[in-house]
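The values are calculated or read from the model by the stated rules, or taken from the named source; none is laboratory data. All figures in this text were calculated on a predicted structure; none of them were measured in a lab. Every residue, glycine as well, gets a Cβ built from its backbone with ideal geometry; the counts of neighbours run over all protein chains shown.
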Amino acid sequence: MSVSPRYAVLGAGNIGSAVIGGMLKSGIAVPEQITATVRSREHADELAGQLNIRVLHGGNLSAVETADVVILAVKPAVMPKVLQEIRWALRDGRILISLAAAFPIALIEGLTGRRMPVFRAMPNIPCVVGAGATGIACNALATSEQKQFVEQIFSAIGVTCFVEEDLLHAVTALSGSGPAYIYMVIEALIAGGLKQGLSHEISTRLAEQTVLGAAKLVKDTGLHPAILRDQVITPGGVTISAIHELESHGLRSMLISAVETATEHSRTVTSKIVERTQISE
């Protein structure tokens with residue numbers, strides 16, 4: 001790996017832009033090291049102005065030709081087209097990182113036809129505010145040094161963990177889709193406050209800080225959530241009566257089932273992608 005590696009970020013939408021922003025803010029890279037691609041000229045001009053980097057309207061092949069690290073921040077549906085487009089510029093040993101959900105490493109290897117370290121990373125949407133959670137998997141060609149390098153990239157936008165590739169389905173279901181579950185919880189708490197007479201402003205402020213603070217307490221103390229929950233409960237008090245109501249409606253079971261259902265759906269989506277993708281020599 002070069003001392004000052006060059007990066008190509010293909011498809012710099014919300015997640016791709018967040019990764020670039022994290023690298024720049026943390027000092028992993030300087031603007032001159034990064035080239036990004038987007039689909040529209042207007043977006044290219046806007047992003048170049050925001051991040052002070054080189055942004056191409058299209059031009060995936062051109063961006064990859066001079067890059068040491070290629071980050072594919074494109075949708076799974078266009079992955080085959082993009083990989084076929086850039087494969088001629090890929091070199092053995094170059095790092096390839098895919099952010100496409102449900103698109104397996106073996107398929108990436110087959111479409112590129114190159115012996116190179118391939119990583120799959122699943123950052124979730126809070127990465128745009130530097131509070132993401134990213135699961136990472138890689139193929140057998142990735143070295144320990146390269147793993148540390150890729151981990152450093154995604155640590156700039158939140159927390160990271162390495163898992164076996166098959167477990168990325170669960171990562172997608174838990175942390176990838178998880179923000180949507182929590183948004184529903186926040187929305188419901190706000191509605192509860194409104195029902196009891198609190199203003200929308202106050203309900204929102206209390207609900208968002210309650211969720212943020214509870215998560216921070218779990219992270220900072222390292223205590224099991226059940227222990228922290230019990231610290232809030234007093235015999236015959238308000239909290240235990242509310243918990244009894246939540247348990248009677250199966251809150252925990254619903255969330256467990258949601259993660260399970262989303263995991264199986266991710267597996268199904270991967271199977272369909274593999275079935276319909278043709279690999280040409």
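Some points to look at:
- Enumeration of residues in the stretch 225-258 that are within 15 Å of Met184 (Cβ to Cβ) and of a type in the set (Lys, Arg): Arg252
- In the stretch 256-273, of all residues being surrounded by 14 or more Cβ atoms within 10 Å (Cβ to Cβ) and aliphatic (A, V, I, L, M), the one that is nearest to Met79 (Cα to Cα) corresponds to Ile273.
- Considering the stretch 1-77, the qualifying helices (runs of 4 or more DSSP H), each wholly inside and each with 1 or more residues that are β-branched (Val, Ile, Thr), touching a strand residue (DSSP E or B) at 6+ places or on another chain (Cβ under 6 Å) and assigned by TED's automatic domain parsing to the domain that holds Ala131, run over 14-26, 60-65.
For (1) modelled with pLDDT of 95 or more; (2) more than 30 Å from Gln84 (Cβ to Cβ), each residue gets a yes or a no:
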| site | (1), (2) |
| --- | --- |
| Asp166 | yes, no |
| Ser175 | yes, yes |
| His200 | yes, yes |
| Thr234 | yes, yes |
| Arg267 | yes, no |
| Gln278 | no, no |
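- Filtered by the rule that a residue be under 28 Å from the mean Cα position of the chain (by Cα) and surrounded by 10 or more Cβ atoms within 10 Å (Cβ to Cβ), the stretch 224-251 gives His224, Pro225, Leu228, Leu251.
- The residue that is farthest from Gly135 (Cα to Cα), counting only those in the stretch 163-178 that are crowded, with 22+ Cβ neighbours inside 10 Å and touching a Ser or Thr at 6+ places or on another chain (Cβ under 6 Å), is His169.
- Top-ranked residue of the stretch 30-73 - restricted to ones that are surrounded by fewer than 21 Cβ atoms within 10 Å (Cβ to Cβ) and small (Gly, Ala, Ser), ranked as farthest from Gln152 (Cα to Cα): Ser40
- Every test in (1) surrounded by fewer than 14 Cβ atoms within 10 Å (Cβ to Cβ); (2) closer than 16 Å to Val150 by Cα is passed by Ala77 save one, and that test is (2).
- Selected residue (criterion: farthest from the chain's Cα centre (by Cα)) from residues of the stretch 80-102 that are of a type outside the set (A, V, I, L, M, F, W, C) and buried (at least 18 other Cβ atoms within 10 Å of the Cβ): Arg94
- Only residues that are outside any helix (DSSP H, G or I) and either buried (at least 24 other Cβ atoms within 10 Å of the Cβ) or of a type in the set (A, V, I, L, M) (or both) were counted in the stretch 103-124, giving 8.
- Matching residues, the stretch 134-155, being in contact with a helix residue (DSSP H, G or I) (Cβ under 6 Å, 6 or more places away or on another chain) and surrounded by fewer than 23 Cβ atoms within 10 Å (Cβ to Cβ): Ala137, Asn139
- Test: residue in the stretch 146-155 that is part of a helix (DSSP H, G or I), closer than 19 Å to Ile15 by Cα and touching a Phe, Trp or Tyr at 6+ places or on another chain (Cβ under 6 Å): yes
- Residue match in the stretch 239-247 (condition: assigned to a loop (DSSP other than H, G, I, E, B), on the phi < 0 side of the Ramachandran plot, out of contact with any Pro (no Cβ under 9 Å at 6 or more places or on another chain) and not polar (S, T, N, Q)): no
- Any hit, the stretch 46-62, residues being farther than 19 Å from Ala142 by Cβ, touching a helix residue (DSSP H, G or I) at 6+ places or on another chain (Cβ under 8 Å) and in contact (Cβ under 8 Å) with a residue 40 or more places away in the chain: yes
- The listed residues are Ala207, Ala215, Ala258, Ala226, and the only one of them that is in contact (Cβ under 8 Å) with a residue 60 or more places away in the chain and either more than 19 Å from Val171 (Cβ to Cβ) or not assigned by TED's automatic domain parsing to the domain that holds Arg120 (or both) turns out to be Ala258.
- Within the set Ser175, Ser203, the sole residue that is assigned to a helix (DSSP H, G or I) and over 18 Å from Ala258 (Cβ atoms) turns out to be Ser203.
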